[in-house]
Every structure is written in C-alpha cells, then in structure tokens.
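Single-structure report; data block below.
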Amino acid sequence: MNRNFLTTADLSRSELESVLANAVEIKNAGAGTKPLAGRSVALVFLNPSLRTRASMQVGIYELGGNPVILEPGSTSWTLEHREGAVMDGDKTEHIKEFVRVLERYVSAIGVRTFAELKDWKTERTDPVLNAFARYSNVPVINLESAMHHPCQAMADMMTIREKFGNEKKKILLTWAWHPKPLPMAVPNSFALAAAQFGHDLRVAHPAAYELDPHLLRKVEAFARKAGGSVEFTHNVNEAFYDVDVVYAKSWGSKKFYGAVETEIAFRADMRNSWIVDSEKMNKTNNAVFMHCLPVRRNVIVTDDVIDSPNSVVIDEAENRLHVQKAILTELVK
Ligand code: CP
C-alpha cells in the first residue's frame, strides 16, 4: 500500500479490497492484537470534529498505541504552509519544522485541514495536506482535506457492503440545500470510491454545482475500469427513481467560490426542492439513506427519513473506527 493515505485514488482496487477485508475482520474480532504497541500517532486538527477525532483516538488506543492530539492555533502554534513565506503575520511555525519535529516522536501523522472556501484555484490542489505529505518521512493519513475525505469514503463503502454484499448497486449522490456553502471533500471521495468499487453512480445537483472536472474524469475512468457507470442530472425529482442507496451531502459551487453572500442568494429558492424527504425516498428501490454526519435535520434530510429503519448513518459512523484501524495497521510498520 502507498506510504500515505491521502485519497482512495492512490490505492488500487485490490488494496482497497484488502483494507475493507481487514476492517471487517477487525470489527468481528473485537479487541484483537496490538500492532501499535509502543507507538504514537499524531492527530493534527485544524478544524472541528466529533467522529474523526473520537474514532481515531479510540482506534489508536485499541491497537495498543498512543494518540497525540494537536490543534494548531489552539493547543499548538499557528501553522504556515506556503513555501518561501515571509512569516511576519499571524502564523508562528512552518509545517516544515512542525512535521520534522513531530516525526521524531510519532510513527504516523493524521491531518484534518478543511477548504477555506476562498480561492478555488489554490484550494483544489490541497496545499496544506500536500505540505504535510511533502515534508513528512512518516505516513500521512488524510482526516479530511480541502478535496478528499478517504477514511469517510472507505467507511461508506464498508457500510454499503454490509447492507448489500459484494454486488454492485445503484447509488445516488445527491446535493442538498444548506444555509451556507460547504467543502467538496465528502462528495469527491464518495464518488471516487463508489466508482472504484464498480457501482452505478448517479450524481444529482443543481446547475452550477458541478464537481471538479479533473476529479470527475478520474471518477469516469475508475467506473469504466471497474465495470460500473456514472451519470449526472439536475432533476431532483427524477434522480431518486430505482436507486438502492441515497447519499446526501451539500457542497459549495465553484462558480461562486469565495463569494458566500452571492451564493447564498443564488441557492435561496432551492431549499424546499433539494431536501431528502419520504416522498423522494418512496421513489427508490427501498434505498438505504446515508450521510457522513454531522447533518442538519429537516434541512438536508427530514426526521422521518433519518429516523427510519433504512437510515444507516450511525453504522457509517461506527465503521469509521474499523476502517481506520485497518488503515493504521497497514501503514504503521
Ligand atoms: N464525518 C465526519 O468526518 O465527522 P466529523 O467532522 O465529526 O469528524
């Protein structure tokens, strides 16, 4: 497996299958061996988290290791990532020193660094995550960056397997209205992973909410290679027909990137149409409902859908623990 885990696209289908198989074994075995005994893993959070932070901390502990949580700007120094920066502003420490010091103590570094939603051209290159990867000599694990959330995507694929077995399914990734623009990491990684696992993926969103074209070319190539398919629609009423899985997520528009108020005005009249409700779920093939969480109830999804027996959002969150333990076991040697 690759030295880092930055995106599922870095791994072959057989490597992804191996991670899932190990995650299932770990889940079934309960408390198992301690491959991280005597090792420490740094978890660097530049943004808030419940699931990622708790599941990584618990997972490292259960594997016998010691999680070291750092929050730059709060419990550690503010971080600069730009090469050649003149650091006379509010950034105290460069990632070059941060990483090279940290790797003297720890066996891997997990990083959470969201998009700032200011400058698409820069943020689509995942500059902060890639600075960690560039300077680190120990494995770097992406705990959600500007463009990818691969641990979430692997937990999502594991959850779909648990519900449906190995057969390919018809999966809808649907945009949902949210009061403010959000990053694209989750839909990007979900679309990539669904294509890599050979599912038939339908992506529904309003016009102006297209995902990154470079990312979509990869999704289409993976789908072709794995025997799946990808299609796109702007029609929220037709999108739900005949699918087995509904994955809801809101994301921001590249067209309005950095212009938050303009985008909020643009999407204002989409509120009532782009919500997952029982009327839409009734058009599906008795689909399971998925969301990475946190979710805004009765904004992204109605209470009756998320509280229904078809909702697997808590299973997805649990599976974060098991897939991340499988990833840590593979990377920390
Ligand atoms: N899904 C997810 O990554 O949750 P957190 O933001 O709470 O970590």
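Numbers at a glance
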item: Total residues in region 1-20, condition open to solvent by less than 60 Å² (accessible area, probe 1.4 Å), more than 13 Å from ALA193 (Cα to Cα) and free of Cβ contacts under 8 Å to residues at least 40 places away in the same chain; result: 0
item: Residue count for region 135-149, restricted to those that are within 16 Å of the ligand (Cβ to nearest atom) and open to solvent by 20 Å² or more (accessible area, probe 1.4 Å); result: 2
item: Residue list for region 136-156, filter: hydroxyl-bearing (Ser, Thr, Tyr) and within 13 Å of THR52 (Cβ to Cβ); result: SER145
item: Complete set of residues in region 60-74 that are modelled with pLDDT of 95 or more and farther than 18 Å from VAL99 by Cβ; result: ILE60, TYR61, GLU62, LEU63, GLY64, GLY65, ASN66
item: Selected residue (criterion: farthest from the ligand (Cβ to nearest atom)) from residues of region 284-297 that are over 22 Å from PRO179 (Cα atoms) and surrounded by 15 or more Cβ atoms within 10 Å (Cβ to Cβ); result: THR284
item: Single unsatisfied condition, VAL305 versus (1) in contact with a helix residue (DSSP H, G or I) (Cβ under 8 Å, 6 or more places away or on another chain); (2) in contact (Cβ under 8 Å) with a residue 24 or more places away in the chain; (3) within 16 Å of the ligand (Cβ to nearest atom); result: (3)
item: Positions within region 112-134 being hydrophobic (A, V, I, L, M, F, W, C) and open to solvent by 60 Å² or more (accessible area, probe 1.4 Å), in sequence order; result: PHE114
item: Hits in region 217-251 (condition: within 30 Å of ARG297 (Cβ to Cβ), in a helix (DSSP H, G or I) and at pLDDT 95 or above); result: VAL219, VAL236, GLU238, ALA239
item: Top-ranked residue in region 150-180 [being under 30 Å from THR262 (Cα atoms) and open to solvent by 30 Å² or more (accessible area, probe 1.4 Å); ranked as farthest from the ligand (Cβ to nearest atom)]; result: PRO179
item: Residue, nearest to the chain's Cα centre (by Cα), within region 35-58, restricted to residues that are surrounded by 18 or more Cβ atoms within 10 Å (Cβ to Cβ) and away from the ligand (no atom under 13 Å from the Cβ); result: VAL44
item: Residue in region 183-197 that is in a loop (DSSP other than H, G, I, E, B), surrounded by 24 or more Cβ atoms within 10 Å (Cβ to Cβ), of a type in the set (Ser, Thr, Tyr) and in the same structural domain as TRP274 (by TED's automatic domain parsing) present; result: no
item: Number of the condition not met by ALA146 [criteria: (1) touching a Leu at 6+ places or on another chain (Cβ under 9 Å); (2) outside any loop (DSSP other than H, G, I, E, B)]; result: (2)
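The values are calculated or read from the model by the stated rules, or taken from the named source; none is laboratory data. Just so we're clear, the structure is a prediction, and the values are computed from it rather than from any experiment. Don't worry about glycine lacking a Cβ; one is built from the backbone with ideal geometry, like all the others, and counts go over all protein chains shown. These accessible areas exclude ligands, DNA and RNA; they are computed on the full protein's heavy atoms, side chains included. Shrake-Rupley method; radii C 1.70, N 1.55, O 1.52, S 1.80 Å.
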